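Participant: I'd like to ask some things about the structure below.
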Amino acid sequence: MRKTLMTVCMVLLSVVLTYGLANAVVTGVCSTCHTMHDSQGGADQGASGTQGYLLTGGCYACHTTGGASGAPKIDGTADNTGTGSGALSDAGGDVNAGGADQDTRHDIVPADTFAMTPPGYTSGLTWTNQKVTCDGTFGCHGKHGATPGVKGLHHTGSGSAYRFLYVQAGNTGADGTAVNGLESTTWEAGGALTSDHNVYDSDGGDSISSFCANCHGGFHAPGNTGAASPFTRHPTDEEAVVANIDGAGWAFSSAEIDQTPMGFTSAQITAGMVTTDATTGTPYTTGNGKAICLSCHRAHGSAEKDLLRFTYSSMNAGNSTNNTGCETCHVAQR
Amino acid sequence: MNNSKPKKIRDPIIKGKRFFFGEIKINALIFLFVVLFLSTPFQLSAKVTGTCANCHTMHNSQGGVNVGAGPNDNLMTTLNGATDACVGCHSASSGATWKDPVTNAPIVWNTSEPTFNTQKGLAGGNFYWVGAGDNSKGHNVYGIAGADSLTTAPGKTPAGCTNSCHTTLAAAPSSQNSNRGGCRGCHVFTFHHEDNGVYRFLKGHGEGASLPIDPASKNITSFPDYVTGVEDNDWEQETAIDHNSYKGTTTIYDTDGSALTTYKTMTAFCSGCHGIFHGNYNDITGRGMGSSTPWRRHPTDIALPTTTEYNGYNPETAYNAEAPVAWTNPSVPARAGAVVMCLSCHRPHGSAQPDMLRWAYSDMDVGTTDPNKAGHGCFVCHTQKDGL
């Protein structure tokens with residue numbers, strides 16, 4: 001009986017931990033992430049030296065191999081069994097999937113020396129010898145005006161901002177507008193499923209593509225891509241995939257939502273859409289899904305150049321054996 | 001190539017009959033099959049296949065720098081240092097290149113004089129000469145040649161549009177031409193990923209259209225103003241085996257804007273800018289070509305007569321790519337359906353000759369027996385005008 005109770009408790013604890021993190025509200029044992037004095041048994045704890053907010057290490061330390069248990073990993077370890085692009089990754093991708101090739105990731109890996117102005121950058125910050133950071137002024141996560149940007153967010157969860165992401169138009173130094181979205185309970189580890197996947201926003205100023213445009217603004221918005229066909233750069237948040245590109249060919253399957261996810265409207269997200277279009281009550285195939293930056297790219301990194309979800313050089317029109325990548329949406333080119 | 005009088009025509013059907021009624025019937029059947037096979041134009045699927053990255057760039061950015069001039073419509077990459085995406089893909093520096101080795105795109109502008117065939121170009125000709133500065137030898141197309149002294153297309157229909165592509169093809173894509181400057185002045189809508197029957201993407205912008213051109217007029221069901229035909233699989237890089245098969249009509253029509261929709265002929269398309277050279281029938285102001293002999297301008301979309309000297313040219317059995325004809329039914333070319341058209345004499349992109357002619361007009365010397373002149377050019381149809 002005692003063993004049974006112990007087993008039940010263990011199971012319940014693991015469930016609580018799992019789903020607590022899935023909402024991005026960190027729950028669990030404090031000491032997993034914090035150390036009160038950076039000392040135990042006379043030895044230094046975690047990363048060398050004391051860390052702000054009593055953390056045992058920085059962002060990368062917790063979210064890579066050997067980091068805090070339960071924290072989603074961005075280097076292809078731990079919980080990652082994703083199917084995207086042949087790499088094992090969560091939804092955001094794997095910074096190590098491309099090996100030494102720095103063109104396959106945002107240059108947050110400590111060994112990376114690559115530092116350049118972000119492609120498509122318009123204005124705001126000065127990027128001289130500045131690598132991308134996980135958070136803060138030159139980072140992706142957290143409020144851009146705060147130091148550190150993610151301060152407190154782990155304990156308020158993604159209800160405040162999808163994956164702690166904020167749109168900061170013009171890089172003014174302000175905190176920015178919280179990105180809208182719905183988060184997979186497993187961060188799509190093991191691959192996105194029709195029953196469990198991220199739902200990205202693709203309209204208004206709180207979309208995921210608007211967020212990417214913080215740094216890559218030249219690749220987003222009608223003034224840079226064109227407002228309608230013929231587009232001059234691949235549109236994001238503009239063209240409804242099903243209505244304008246695909247016709248009847250796009251099927252909502254786990255494979256397709258994993259390889260080439262679409263974005264949806266704020267109204268659909270507010271309605272809690274996960275597997276169906278909450279507006280129509282029908283599957284995504286008749287929805288208003290639009291192409292977003294993440295339809296093609298994985299934000300952290302992938303095994304492909306340009307952080308792509310697929311091998312661009314293998315995208316071959318008229319080759320019926322390859323209907324992935326670009327041709328997931330562009331069915332006429334299959 | 002056959003450019004001789006009737007007595008010189010070697011009719012393979014007659015030869016076939018001789019075999020058939022001879023002793024070796026099997027050989028005769030094989031011969032007939034081969035003749036039929038070779039005389040049927042290979043229809044080229046214009047649908048582009050291949051690696052997307054050969055032609056497209058998603059953001060016109062790689063390694064933090066622009067991939068080429070642009071960004072361009074439809075995410076096209078600008079290749080070969082060109083200023084225009086169309087030109088970039090369809091040009092080559094070597095005169096020996098007629099098909100891009102990577103994209104398989106037909107080359108219409110060799111920046112060195114074309115050497116890949118005797119006609120020095122594919123069916124539509126080549127922009128080499130106009131690109132080299134001779135304005136008389138090609139359409140002045142944006143990205144290849146600047147504007148010439150002409151203020152409008154020769155033979156432009158007065159009632160036509162007063163700006164845009166009807167005025168010049170040398171202007172960059174802009175609001176003045178609905179971003180259809182240059183190549184897109186003629187190839188108004190392209191269908192690189194479709195096999196929809198629009199011959200060489202020669203599609204009008206919808207009858208009565210005004211700027212800006214409505215993107216909806218790309219729909220060929222709603223706006224069926226396009227050319228049809230059967231396309232040679234090597235765009236006439238060689239013409240000994242097969243060749244294009246153009247659409248023509250023998251129905252009299254005026255250039256009132258509806259002919260392309262109704263007849264879908266190559267001549268009707270050319271008339272979009274050069275309408276005076278085809279219509280207006282019975283117009284006493286001097287416009288048009290007339291409606292019967294005596295013609296006031298060389299007729300087009302008119303049957304190649306089967307009588308008098310014209311009987312000496314049978315394009316069904318002895319097609320001469322130097323003086324091609326259109327057909328009332330391009331899929332089943334028949335002598336009775338042979339039609340004189342604009343391209344019987346001209347190459348639309350350009351040629352080595354003034355006015356983009358297929359031959360040297362100055363060589364057309366009545367009564368000549370010079371083998372380099374007799375039987376060529378005008379004399380392919382006008383068989384009794386040379387000295388042979």
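We did not get these values from a lab; they are worked out from the coordinates using the rules stated. Computed from a prediction, not measured in an experiment: that's the story for all the values here. As a convention, Cβ positions derive from the backbone with ideal geometry for all residues, glycine included, and neighbour counts pool all protein chains shown.
Participant: Grab the Cα-Cα distance for A:Asp101 and A:His155, subtract it from 0.36 nm times how many residues apart they are, and report the gain in nm with one decimal.
Facilitator: The span from A:Asp101 to A:His155 would gain 16.0 nm if fully extended.
Participant: A follow-up question, please. Suppose each label sits 7 Å from its Cα in the direction of the beta carbon; what would the B:Ser149-B:Lys385 distance come out to in nanometres?
Facilitator: Placing both labels 7 Å along Cα→Cβ, they lie 2.7 nm apart.
Participant: Place +1 on the Cβ of every Lys and Arg and -1 on the Cβ of every Asp and Glu in the range B:150-357, take the dipole about the Cα centre, and give the residue among B:Cys183, B:Val198, B:Ala172 whose Cα lies farthest towards its positive end.
Facilitator: Towards the positive end, the residue furthest out is B:Ala172.
Participant: Order these peptides, B:374-383, A:58-67, A:175-184, B:290-299, by their mean beta-carbon neighbour count within 10 angstrom, highest first.
Facilitator: Result, highest mean first: B:374-383, A:175-184, A:58-67, B:290-299.
Participant: Also: Let's test the formula: R0 of 60 Å, r as the Cβ-Cβ distance of B:Thr221 and B:Asn372. What FRET efficiency results, to the nearest 0.05?
Facilitator: About 0.75, to the nearest 0.05.
Participant: For the pairs A:Lys73/A:Lys143; B:Lys156/B:Lys218; A:Lys73/A:Lys305; B:Lys47/B:Lys156; B:Lys47/B:Lys120; A:Lys290/B:Lys264, note any where the Cα-Cα span goes beyond 27 Å.
Facilitator: The answer is B:Lys47/B:Lys156; A:Lys290/B:Lys264.
Participant: Once amide H atoms are built 1.01 Å from N in the peptide plane, which residues 5 or more positions from A:Ala317, or in another chain, come under 5 Å H to H?
Facilitator: B:Gly50, B:Thr51, B:Cys52
Participant: So how far apart, in nm, are the two label points at B:Ala334 and A:Asn323 if each is 7 Å from Cα heading toward Cβ?
Facilitator: Spacing of the two 7 Å Cα→Cβ label points: 4.2 nm.
Participant: While we're here: Using a 7 Å offset from the Cα along the Cα-to-Cβ direction at both B:Ser175 and A:Ala169, what is the distance between the two label points in nm, to one decimal?
Facilitator: 2.3
Participant: Still on this structure: Take the Cα of B:Ser210, step 7 Å along the line toward its Cβ, and report every residue of the range B:251-272 whose backbone nitrogen sits under 19 Å from that point.
Facilitator: Hits in the range B:251-272 for B:Ser210 at 19 Å: B:256-258.
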